[in-house]
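The structure under discussion appears below in the form of structure tokens.
Read the figures in this text as sums done on the coordinates, not as results from a lab. As the structure is a computational prediction, the values presented were derived from the model and not from experiment. Positions of Cβ are generated from backbone atoms using ideal geometry, with glycine treated the same way; all protein chains shown enter the neighbour counts.
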Amino acid sequence: MNQGFYIALSGAKLQELRLDTVANNLANAKTSGFKADKVSSGSFEMQLQNAIGAPSYSHQPLKRIEDMDSPMHGFGGSYSKTLGVRTSFKQGDHKFTGNPLNIALDGPGFISLKTPNGTRYTRQGNYLLNSAGEMITPDGFAVKGKGLSELGTGKITIDTEGTVFLDGTQKGQIDLVEFDNTNILRKEGHNLFALRTEGNFEKKSKNTTVKQGFLEMSNINVMKEMVNLIDLNRMYESYQKVMTSIDESMRQVINEVGGN
């Protein structure tokens, strides 16, 4: 197969992943606490420079064209490579709701949750009370902390440090944590983040405050993402046209050779 076909194919696969990522960002533009993703890419030469000591990229591994299993292996450095998908942890805008069970974080911290798979972290702050009076997410995951039960009968107040009061009496404390490097986190669905590797990477929050009655909105720039979506569609179509042109040229050559 013509080398140019595989070069165009690698570009098309990269644009396809970018399209999926932008579409997912737009789909979650109104999801509170959602963090935008962006695809990191580069040529084979860029990856080689990383491998031999050039400055590394901060990204989370995702799909990629595997070197040894791809028909493009050995063609050199012209084809596109997917390095991974990075998450932007830039803080979103705060929206006032007046709901006492809505909280927004101001700063780099996360709220710890109890899930069937262990501790998970989130910036989403729209909570409910279950039948036991526990603060839970819409998906049913309980907020970690001390004394966060039997909150169903009375006025709930949450101060800037995440301390929970019931009718003016201190009841419990929401578990707020921070990380020295957010690259240790990976997305896991349900607006949750999990640790990439086992270890004690979390630390008690010192630079994060809580705003009761607010929600942190997503950090998606809708207009920018819409422009990206249009541009990526055009690029994807261009790669498809290149592959079609190369394929037709190869068929013509084969037919001419076969006719001689």
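Residues whose amide H lies under 5 Å from that of V85, counting only those 5 or more places away or on a different chain, are S40, Q60, L62; hydrogens are built 1.01 Å from N in the peptide plane. Projected label points at T157 and I230, each 7 Å from Cα along the beta carbon direction, are separated by 5.1 nanometres.
The trypsin sites (Lys or Arg not before Pro) of the range 165-226 that DSSP puts in a loop, and whose beta carbon has at most 16 other beta carbons within 10 Å, are R196, K206. Quick one: grab the alpha carbon gyration tensor of the range 94-216, order the square roots of its eigenvalues as a ≥ b ≥ c, and give me rounded if a/c is under 1.5, else prolate or oblate depending on whether a/b is larger than b/c. Note, shape of the range 94-216 comes out prolate. Taking amide H atoms as placed 1.01 Å from N in the peptide plane, the amide H of T97 lies under 5 Å from those of F214, L215, each 5 or more residues away in sequence or on another chain.
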